[in-house]
Amino acid sequence: MMVSLNFEVEAEEPTGYGPLPAGEYDAEIVAADVRQTKAGTDMLSLEIQTAKGKVWDNLNLWHSNPKAVEIAKERLSAIGRALNMPRITDTDQLLAKRIKVRVGIQERNPNYNEVLGYAAASNVAPTVEP
């Protein structure tokens, strides 16, 4: 049975697919998991939710390359400072906290974002250690 639609196709593709525009976003870390890199080493993978979509940041805390580990530690330290946390004992402490994330577009693959930095969200209350 044929159904008559009489539908006009929109000229522009709907947004929602592809990378987020470069910029700063209020966000929340919604997941933190250990995953394997293509090289077979473990990394900490952070899933970050913004109002416009999700981005991921992979921290090579356990990589064989000391420079990769240094960059990952700098990034995790920036998250700790942004959340006013002098010590991070486990990944659960990172979840469901407001944070500002600076996002760019990957040079090698412009279809994907990269996280460039973290800062305190404007309405973040200090975290008190028990």
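With a Förster radius of 41 Å applied to the beta-carbon distance between S122 and L5, the computed FRET efficiency rounds to 0.30.
Under 15 Å from the Cβ of K73, count the other residues' Cβ atoms, weight Lys and Arg +1, Asp and Glu -1, and hand me the total. Before the final figure, lay out the partial values.
Working: positive: K67, R75, R81, R87; negative: D42, D57, E70, E74.
Summing Lys and Arg as +1 and Asp and Glu as -1 gives 0.
Between the residues I29, G18, L46, the greatest Cα displacement towards the positive end of the dipole of the stretch 14-53, with unit charges on the Cβ of Lys, Arg, Asp and Glu, is found for G18. Taking all protein chains together and a 1.4 Å probe, the residues T50, T91 rank T91, T50 from largest to smallest accessible area.
Phi angles of the stretch 108-116 translate, via the Karplus equation with coefficients 6.51, -1.76, 1.60 and θ = phi - 60°, into HN-Hα couplings of 6, 8, x, 7, 10, 8, 9, 7, 9 Hz per residue; Gly and Pro are given as x.
Distances between placed amide hydrogens fall under 5 Å for L116 paired with R102, V103, G104, all partners being 5 or more residues away or on another chain. Proximity of backbone amide H atoms, modeled 1.01 Å from N, is registered between L20 and N113 at under 5 Å, excluding neighbours fewer than 5 places apart on the same chain. When the alpha carbon coordinates of the chain are projected onto the principal axes, the ranges are 64, 38, 30 Å, largest first.
What angle do you read, to the nearest 10 degrees and between 0 and 90, between the alpha-carbon axis of helix 66-82 and the longest principal axis of the chain? On a 0 to 90 degree scale, this one is about 80. Cross-link partners for K38 among the lysines, with Cα-Cα distance under 23 Å and sequence neighbours closer than 8 places in the same chain left out: K54, K67, K73. Averaged over its residues, the chain has an accessible area of 72 Å² per residue, based on protein heavy atoms and a 1.4 Å probe. Take every Cα pair under 8 Å whose residues are at least 6 apart in sequence, average their separation, divide by the length of the stretch 32-130, and the relative contact order is 21 percent. The slack between D90 and W56, meaning 0.36 nm per residue of separation minus the straight C-alpha distance, is 10.4 nm.
The values are calculated or read from the model by the stated rules, or taken from the named source; none is laboratory data. On a predicted model such as this, the values are computed, not experimentally measured, just so you know. Here Cβ is always computed from backbone atoms with ideal geometry, including for glycine, and neighbour counts include all displayed protein chains. Heavy atoms of the whole protein, side chains included, go into the accessibility calculation; ligands, DNA and RNA do not. Shrake-Rupley method; radii C 1.70, N 1.55, O 1.52, S 1.80 Å.
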